[in-house]
Amino acid sequence: MTTLLLLAGLLPAAAAISCYGDAGQPVDWFVAYKLPAVNNSLKGLNYMYLDGNEGSWQEGATAIDSPQGAVGRTMNQLYQGNLSELAYLLYNDQPPSSYGVPDTNYRGHTKGVLLLNRDGGIWLIHSVPHFPPHAKSSYSWPPTAQDYGQTLLCVTFSYNQFREIGKQLTYTYPQVYDYRLEGTFAQDLPELKLAAQGHHVDQGPWNRSVTLTSRAGAVFRSFAKFNDFQDDLYSGWLTSALHSDLFVQFWPRTTKVLPSSCSDPFHVLNVLELAFPDSAVPPFSATHDHAKWCVALNSTWTCIGDLNRNHAEEYRGGGTLCSQMPILWKAFWPLVRKFGPCPPPRPKVRGH
């Protein structure tokens, strides 16, 4: 009966779930780059903002913890929404209920939010520990995520794209700490339900890529790997898949960090220092940046995702979402101020 009334126009349809921009209006996608608290000039809640309408980096309209900013407005569709009409999945290898608790290191090193109704929804891929709060809470920013840089990529997708996204999550093996997938959502999105319940792929191949199209037609490519892939996401897969050398920004304060790699046809160069040109943001070291992204040297690929370059994360699930949109590439390419050179080749041992 409700469906008939909706078709007849006698009941209002539920508002479409969308990413919301800093201007307070729905946008197809956005990137918020939370800046680190460095040099006494940044207080840990400033961010730079980019979407398809802005065209280049802009200073965030407000603090990242404000419900009036892009991230707050987007997430308040969950916190202020009617949960009975929504499906959602919150995942984080450092969930908000685990302050001080070590990572669950056999699960994916991956953080994100899926929020949708039957018209579509959003995929928010981010690098923020202990974020976001549970669905029955309210929007807030964790104090543990103020000191260092963080990235948040939000993309608006049509409903049918969440079938493919669900399959990707069976590879990344996320630590889901809150979800709701009931009724037709569970029937339509079985892989997403399996991922929410802790299931994962159980046979090779141990990695999968898929093309996803945003609601407005922007093309993205999702890369996902399971623990058994047993290789670095960037040097072990992305360079060959994207046919390009890569600058990679990641959190270098871990053990057994992988050095820049130049042994394959394509190189992976670790970012050491970053700067936002033509802005008041002072340069900052990668040691102050918890973000995970890469940008191509000889194509227009840009990827924002989950994984660091270290030995342990070769054996953990995770992924990245890539696009060839020139606007993204032009925004991220100039951020690289310094990078790690290739290690010198080992001397050859001469025979006697």
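Derivation of every value follows stated rules applied to the coordinates shown; laboratory data play no part. Only a predicted model underlies this, so the values are computations on that prediction, with no experimental measurement involved. Positions of Cβ are generated from backbone atoms using ideal geometry, with glycine treated the same way; all protein chains shown enter the neighbour counts.
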| the chain: angle of helix 70-79 to the longest principal axis, Cα-based, in degrees nearest 10 | 50 degrees
| said: From the phi angles alone, apply the Karplus equation (6.51, -1.76, 1.60; θ = phi - 60°) to the stretch 135-141 and give each ³J(HN,Hα) in whole Hz, x where the residue is Gly or Pro. | reply: 4, 8, 9, 9, 5, 7, 10
| Going by alpha carbons, how many degrees (0 to 90, nearest 10) lie between the helix axis of 161-172 and the longest principal axis of the chain? | 40 degrees
| field | Förster radius 45 Å - calculated FRET efficiency between ASP119 and LEU297 (Cβ-Cβ, nearest 0.05) | value | 0.70
| Anisotropy class of the stretch 44-132 from Cα gyration tensor, a/c 1.5 cut | oblate
| Prolate/oblate/rounded label for the stretch 246-331 (Cα gyration tensor, a/c 1.5) | oblate
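For LEU194, LEU83, LEU152, what's the fewest-to-most ordering of other Cβ within 10 Å of each Cβ?
Least to most surrounded, the residues fall as LEU83, LEU194, LEU152.
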| note | Row for the stretch 14-339, column shape: gyration tensor on C-alpha, a ≥ b ≥ c, rounded if a/c < 1.5 i.e. under 1.5, prolate if a/b over b/c, else oblate; value rounded
| request: Enter the Cα centre distance for the pair the stretch 188-224 and the stretch 45-61, rounded to the nearest angstrom. | output: 28 Å
| Going highest first, how would you order 272-283, 224-235 by mean Cβ packing within 10 Å? | 224-235, 272-283
| Phi to ³J(HN,Hα) by Karplus 6.51 cos²θ - 1.76 cosθ + 1.60 over the stretch 111-118, Hz, x for Gly, Pro | 9, x, 9, 10, 9, 8, 10, 6
| said: Order these by the 10 Å Cβ neighbour count, fewest first: MET48, MET75. | reply: MET48, MET75
